[in-house]
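Student: Take this structure, written in structure tokens, and hold onto it; I'll ask about it next.
The values are calculated or read from the model by the stated rules, or taken from the named source; none is laboratory data. Values in this document were obtained by computation on a predicted structure and should not be read as measured data. All Cβ positions, glycine included, derive from the backbone under ideal geometry; neighbour counts span all protein chains shown. Accessible surface areas use protein heavy atoms only, side chains included; no ligands, DNA or RNA. Shrake-Rupley method; radii C 1.70, N 1.55, O 1.52, S 1.80 Å.
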Amino acid sequence: MSIAADPTPDAPAAPDALVTVIMPGRDVADYVAEALSSLRAQTLTRWRAILVDDASRDATAELFARAAASDPRFRLVRLERPRGLGAARNVGLDLVETPCVAFLDADDVMTPTALERLVATLSASGSDVAVGAYVRLRPDVDGGYVTGEVQPWVRAATDPERRGTTLAEHPEISGNVVAWSKLSRVELWRRNALRFPEGALYEDQVVAQLLYVHARAIDVIPDVVVHWRERADGSSLTQRKAAVAVLSDYLTGMRDGIAILDSAGHRAAARARVRLILEMDTPPLVRIAEGHPDATYRRLLGEFVRELTARADLEALELDPQTAALRSAAVLW
């Protein structure tokens, strides 16, 4: 691996910084400026950012470089070959020197008070992880983007505000599986040798559950901390679930996340995760599968739904009856 140096290595880079934000990006030049601006607009100014360009073919690296040249809080890292989101985040993790770390994808937007709220909460409680809410940023008819509402599963994980809770006390937190809704202590990552899986999509699923399992205490806040972009051109990962390879990684991520909860003995959190997957994740995948030209898609999804449905039946989970027909169709594939 080859990493380029910071364009301004001798400039003071927020020596009193409390948090480092790791921002990976590949070919996201259309969105980078807004993501960078959302960091500059933070009401908490004691931050650093590590910008990891994953061998972009567009102007992403150039935009990252301009940010680093104009503001010493930004540090640029360039990867010579594309290694994926998990690897890019791991490169950033190895360079963190602040007490806390957060993540922001280069096509998303951090709300202005996000870092201030998360850092203040964690500082007051002494917890290892602070988790906030998020909303989708969807394209509108005028060529721009509009923010959505906080979805029920996000609200269940983060509302009402809790300080010093645990996975055992608040199992619904297991449904917040994205990396960029959280602030965590770097010591937690290093104490438990935590890393993002590399070479696969949906690496957040595993890391989120590892953070929850290993955290001595967790804070949750109902504040929206990130606007999660659904790209107008349909290139977002969440918009490519009709691809068999993407589905395979998605199912693996969910399976592995549940396995972490199981192995740590967090039965309530695992049950909450199984219920959420069957009620929220499964129905849209079944609708895709019904008309999919590749039978492999239905086979993979059918195996997964059978596994979770059998588990739900064994544990007498009460599932949403409105999605029962879709689940019943999937178990026959």
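Student: Cβ-Cβ below 6 Å, separation at least six or inter-chain, first residue in the range 193-208 and farther than 12 Å from Ala88 by Cα, second open to solvent by 30 Å² or more (accessible area, probe 1.4 Å) and part of a loop (DSSP other than H, G, I, E, B): which pairs?
Tutor: Every condition considered, the pairs that remain are Val206/Pro197.
Here is a yes/no grid of residues against (1) more than 29 Å from Glu318 (Cβ to Cβ); (2) polar (S, T, N, Q):
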| residue | (1), (2) |
| --- | --- |
| Ala217 | yes, no |
| Val226 | yes, no |
| Leu247 | no, no |
| Leu278 | no, no |
| Thr282 | no, yes |
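Student: Suppose we filter Ala264, Ala269, Ala295, Ala324 for residues that are of a type outside the set (Lys, Arg), closer than 26 Å to Glu169 by Cα and surrounded by fewer than 21 Cβ atoms within 10 Å (Cβ to Cβ); which single one remains? Talk me through it step by step, then tell me what you get.
Tutor: Details: Ala269 fails: surrounded by fewer than 21 Cβ atoms within 10 Å (Cβ to Cβ); Ala295 fails: closer than 26 Å to Glu169 by Cα; Ala324 fails: closer than 26 Å to Glu169 by Cα.
Residue meeting the stated conditions: Ala264.
Student: Can you tell me how many residues in the range 164-176 are within 21 Å of the chain's Cα centre (by Cα) and open to solvent by 70 Å² or more (accessible area, probe 1.4 Å)?
Tutor: Qualifying residue count, the range 164-176: 1.
Student: Residues that are under 26 Å from Thr165 (Cβ atoms): find the helices (runs of 4 or more DSSP H) completely inside the range 248-333 holding 1 or more of those.
Tutor: Details: elements: 267-276, 282-290, 295-314, 324-330.
So the answer is 267-276, 295-314.
Student: Taking the stated definitions as given, is Arg75 charged (D, E, K, R), assigned to a strand (DSSP E or B) and modelled with pLDDT of 95 or more? First the steps, then the outcome.
Tutor: On the way: charged (D, E, K, R): yes; assigned to a strand (DSSP E or B): yes; modelled with pLDDT of 95 or more: yes.
Taking the combined requirement at face value, the residue satisfies it.
Student: Quick one: count up the residues across the range 29-53 that are farther than 28 Å from Val119 by Cα and touching a Leu at 6+ places or on another chain (Cβ under 9 Å). Can you show your working first?
Tutor: Here is the first cut: in the range 29-53, the ones farther than 28 Å from Val119 by Cα are 29-30.
Narrowing further to those that are touching a Leu at 6+ places or on another chain (Cβ under 9 Å): 29.
Number satisfying all stated conditions: 1.
Student: Can you give me the ranges of the strands (runs of 3 or more DSSP E) entirely in the range 117-212 with at least 2 residues that are closer than 26 Å to Arg46 by Cβ and touching a strand residue (DSSP E or B) at 6+ places or on another chain (Cβ under 8 Å)? Outline the logic, then answer.
Tutor: Working: elements: 129-139, 145-147, 162-165, 182-185.
Because the criterion is at least 2 residues that are closer than 26 Å to Arg46 by Cβ and touching a strand residue (DSSP E or B) at 6+ places or on another chain (Cβ under 8 Å), the strands (runs of 3 or more DSSP E) in the range 117-212 that meet it are 129-139, 162-165, 182-185.
Every residue, every condition in (1) within 23 Å of Ile22 (Cα to Cα); (2) surrounded by 17 or more Cβ atoms within 10 Å (Cβ to Cβ); (3) touching a Gly at 6+ places or on another chain (Cβ under 6 Å), yes or no:
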position	(1), (2), (3)
Asn192	yes, no, no
Ala200	yes, yes, no
Val224	yes, yes, no
Trp228	yes, yes, no
Arg255	no, no, no
Leu278	no, yes, no
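Student: Right, another one. Within the range 54-106, can you find the residues that are buried (at least 22 other Cβ atoms within 10 Å of the Cβ), in contact with an Asp or Glu (Cβ under 6 Å, 6 or more places away or on another chain) and among the charged types (D, E, K, R)?
Tutor: Correct list: Arg75 only.
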